[in-house]
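Notes follow the structure.
The values are calculated or read from the model by the stated rules, or taken from the named source; none is laboratory data. Remember, it's a predicted structure, so these values are computed and weren't measured experimentally. Cβ atoms come from the backbone with ideal geometry, glycine included; neighbour counts cover every protein chain shown. Heavy atoms of the whole protein, side chains included, go into the accessibility calculation; ligands, DNA and RNA do not. Shrake-Rupley method; radii C 1.70, N 1.55, O 1.52, S 1.80 Å.
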Amino acid sequence: MRPFVEIDRVAMRYGGVDGTLALQDCSLCVYEGEFVAVVGPSGCGKSTLMRLVSGLWPATEGNVIVDGREVAGPVNIVGMAFQSPTLLPWRRILENVMLPLEVTPQHRHRLRSERAAYEARARELLRLVGLEGFERKYPYQLSGGMQQRTSLCRALIHEPKLLMLDEPFSALDVFTREELWEVMQDLWLARKPTVILVTHDLREAVFLADRVLVMSARPGRIIAERRVDFPRPRTLETTYSPEFQQLAADLRRYIAAARTGEEVSL
Amino acid sequence: MAEMSARALARFEAMAAAARRRRRLEAALPWLVILGMFGLWEFVVVAFGIAEFVLPAPHDIVRAIIKWWQPLMQDSLTTLYSTLAGFGLAILGGVLLGIAIGSSAMVYKGLYPVLIAFNSIPKVAVVPILIIWFGIGIWPPIITAFLISFFPIVVNVATGIATVEPELKDVLRALGARPRDIIVKVGLPRAMPFFFASLKIAVTVAFVGAIIAESVAPNAGIGRLMMVASSRFDVPLVFAGLVVTGFMGIVLYWIAEFIERRTTGWATRGQNQNLATGG
Ligand SMILES: Nc1ncnc2c1ncn2[C@@H]1O[C@H](COP(=O)(O)OP(=O)(O)OP(=O)(O)O)[C@@H](O)[C@H]1O
Ligand SMILES: [Mg+2]
C-alpha cells in the first residue's frame with residue numbers, strides 16, 4: 001500500500017506569533033484505502049488537523065502531502081462531513097446531495113450533459129443509507145439522523161479519494177449512531193476511499209477503523225496508535241467481544257494519560 | 001370500539017372547528033382593530049366637541065376624500081411612482097453593495113463606518129442639497145426614497161452572506177469551489193429571507209422619504225398636497241392625505257410580504273407552521 005496522506009512534523013499556530021499553538025511536531029501517515037480514526041482530548045487540534053489535510057489552512061511549519069503532492073491550497077479530491085449536517089434548507093435532499101457536483105472542477109462541466117447518470121448515482125447512495133423515497137423532501141422534513149445520512153451522501157457523491165469525517169455521529173442518539181456505523185462501514189467497503197475519522201467515541205473508533213491514532217493534549221501530536229484487526233464486515237456483536245472491550249479500554253487509558261500529560265508506554 | 005372511535009372523531013372535529021374559528025378571528029383581527037380605532041376616534045371627537053381644524057372626525061375625513069378624490073388619486077400615483085423608482089434603485093444598489101460587504105472583510109472594514117455615518121444623517125437635511133443639484137422636480141423625492149431605503153437592504157443582504165456557517169464554507173472550499181460559487185450557491189439563497197425582511201421595512205421608509213422630499217420641495221405628490229392643504233387650514237384634507245398614505249403603505253407591505261412567502265417559505269416552514277399557514 002502506498003502512503004496517501006503524509007504529515008511530517010507539522011505545527012499550526014492560530015493568529016500570529018502569540019496565538020494558540022494547536023499542533024506541534026505532529027506526524028502521521030495514512031495509507032491508500034485505509035480507514036483511520038483519530039481520538040484525543042477535547043481541544044487538542046483534531047479539527048485543525050483535518051483543515052490542514054484538506055488544504056483549507058496552510059500549516060505554520062512542516063509538510064503535508066496528499067496523493068503524492070504537497071498541499072498548497074484546497075485539494076479538491078476531498079469529501080467532508082461534520083458534527084452538524086450543514087444541509088442547505090432551500091434545497092431538496094437530492095439537490096443537497098448533488099451540490100458537490102456543481103462545484104468540483106472535475107464534475108461541474110459534465111453535470112449538464114450527464115445529469116441523468118449523476119442523479120442515478122445520488123439516488124443509489126440515498127438508497128444505501130436508507131433514505132429511498134426522501135429525495136424530494138426538504139431537510140426540515142427529516143430527523144437529525146436522516147439529515148446526517150444525507151450529509152454523508154453529499155460527502156461521497158463525487159467519489160472522493162479522501163473522506164474527512166469530523167465527529168459526524170456525535171450529535172446522534174446511541175441507536176442511530178450504531179446504525180450509522182454499519183452504514184458507514186458498508187459505504188467504505190463498497191469503494192474503499194481513504195478515510196480519516198475524528199471521534200470522541202472509542203467504540204466508534206475501534207468498530208470502524210483499521211488503525212486508531214491517539215493525540216496528546218494541546219499542542220497536539222500523535223502519541224500512540226493501535227491496529228484493529230477484527231475481520232470485516234464487523235457487526236455490533238463484535239463490539240461486545242472481550243478483545244474489542246480490551247482495545248477500547250487501552251485507548252481510554254492512553255487518552256486519560258494524554259489529558260494529564262503523562263508519558264504512555266505502548 | 002365503534003363508540004370509542006366515534007367519540008374520538010367528534011373530539012377531532014371539535015378541535016378542527018376551534019382551529020378554524022381561531023384562524024378566522026386572526027384574519028379579521030386587523031380590520032376589527034382599525035374599525036375600533038376609527039369608532040373610538042369618532043366618539044371622542046363628537047363627545048368632546050373637538051373642532052374640525054384641530055382634529056377632524058373620521059366622517060369629515062371621508063367627506064374630504066370623496067370631495068377631493070381626483071387630486072388625491074393623482075398625487076398618490078405621483079408619490080407611488082417616486083417611491084417605487086427610488087425603491088427599485090435601492091434594491092439594485094443595496095443588493096450589489098450588500099454582496100460586496102458581506103463577502104469581503106476588506107470592503108466591510110472600509111465601507112461600514114462610512115455607511116453608518118451616512119445613515120445617521122437625517123434625510124430632511126439632504127433634500128435642500130438635492131434641490132440645488134436637481135431643481136424642484138421628480139428627482140428629489142426619488143433620490144430621497146432611494147437614500148432612506150438603501151441602508152436596511154445593504155445591512156440585511158450583507159448579514160445573510162457574512163453569516164454562512166464556516167463548516168459549510170469548508171465543505172465547499174475543500175471541493176475546490178471558487179469564492180464566487182460560495183456566494184451564488186450558498187450566500188445569496190441564504191441572504192434571501194434577510195433581503196425580504198429588509199424589503200418590508202425599506203418599502204415603507206421609501207414612502208416616508210418620498211413624502212418628506214415632496215413637502216420640502218413641493219412640486220407634486222401627496223406630500224405637496226398635504227402642505228398646500230395645511231397652509232389653507234383644510235385639516236380634513238391633510239388627514240385624508242395621511243389616511244391614503246397609510247393605506248398605500250399597507251398595500252406595498254402586503255405585496256412585499258406576499259413575495260417573501262412565495263419565495264423563501266423554507267426559512268419559516270418547519271420552524272413555525274403558523275407563520276406559513278395562519279399568517
Ligand atoms: N479558527 C481558529 N482561530 C483561532 N484559534 C483556533 C481556531 N480554531 C481552533 N483554534 C484553537 O486551536 C485549538 C485546537 O482546536 P480544534 O478545533 O482543532 O480542537 P479539536 O481537537 O477539534 O477539539 P474538539 O474535540 O473539542 O472538537 C483550540 O485551542 C482552539 O482554541
Ligand atoms: Mg473539533
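Compute the Rg/Rh shape ratio of region A:80-160: radius of gyration over Kirkwood radius, all on alpha-carbon atoms.
0.94
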In degrees rounded to 10, the 0-90 angle between helix A:174-191 Cα long axis and the longest Cα principal axis of chain A is 80
Mean separation of Cα contacts under 8 Å (6+ apart) over length of chain B, as relative contact order %: 24
Using the membrane-span-like helix rule (whole DSSP H runs, Cα extent along the own axis of at least 18 Å, mean Kyte-Doolittle hydropathy at least 1.6), which helices of chain B qualify? B:139-162
Counting each DSSP H run of 4 or more residues in chain A as -39500 (n - 2.57), what helix-only mean residue ellipticity at 222 nm follows after dividing by all residues, to the nearest 500 deg cm²/dmol? -10000 deg cm²/dmol
In what sequence, largest accessible area first, do A:Glu204, B:Glu26 appear using a 1.4 Å probe? B:Glu26, A:Glu204
Might you report the magnitude of the Cβ-based charge dipole of region A:80-160 about its Cα centre, with Lys and Arg at +1 and Asp and Glu at -1, to the nearest 20 debye? 140
Once Lys and Arg get +1 and Asp and Glu get -1 on their Cβ, which of A:His107, B:Asn119, B:Ile259 lies farthest toward the positive end of the dipole of the protein assembly as shown? B:Ile259
Heavy-atom SASA rank of B:Ser82, B:Ser215 (probe 1.4 Å, accessible area, largest first): B:Ser215, B:Ser82
Chain A - percent of accessible surface contributed by carbon and sulfur, probe 1.4 Å: 48
Please get the size of the charge dipole for chain A, origin at its Cα centre, with Cβ charges of +1 on Lys and Arg and -1 on Asp and Glu, quoted in debye to the nearest 20. 720
Among A:Ala205, A:Gln245, A:Ile222, pick out the residue whose Cα is farthest towards the positive end of the charge dipole of region A:194-266, where Lys and Arg carry +1 and Asp and Glu carry -1 on C-beta, about the Cα centre. A:Ile222
Candidate lysines - alpha carbon under 18 Å from B:Lys185, same-chain residues fewer than 8 apart omitted: B:Lys169
Can you give the local net charge around A:Val97? Use residues other than it whose beta-carbon is closer than 15 angstrom to its beta-carbon, Lys and Arg +1, Asp and Glu -1. +4
Tell me what chain B gives for mean residue ellipticity at 222 nm when only DSSP H runs of n ≥ 4 count, each as -39,500 (n - 2.57), the sum divided by the residue total, rounded to 500 deg cm²/dmol. -27500 deg cm²/dmol
Could you tell me what fraction of 2.2 N^0.38 Å the Cα radius of gyration of region B:1-50 comes to, as a two-decimal ratio? 2.15
Of the beta bridges DSSP finds with both residues in the protein assembly as shown, what % are antiparallel, to the nearest 5? 50
If each part is reduced to its alpha-carbon centroid, region B:190-213 and region A:74-123 end up apart, in Å, by 35
Selected from B:Pro218, B:Gly176, B:Tyr108, residue furthest toward positive end of dipole (region B:56-276; charges at beta carbon): B:Gly176
Give me the dipole magnitude in Debye, nearest 20, for region B:148-245 about the Cα centre, with unit charges on the beta carbon: positive for Lys and Arg, negative for Asp and Glu. 220
Could you name the lysines in cross-link range of A:Lys192, using Cα to Cα under 16 Å and dropping any fewer than eight places away on the same chain? A:Lys161
Just how much of A:Cys29 is accessible, in Å², when a 1.4 Å probe is used and the result is rounded to the nearest 10? 40
Arrange the residues B:Ile153, B:Ile99 by how much accessible surface each exposes, largest first, with a 1.4 angstrom probe. B:Ile99, B:Ile153
Check cross-link reach from A:Lys137 to the aspartates and glutamates: straight Cα distance under 15 Å, and skip same-chain residues fewer than eight apart. A:Glu95
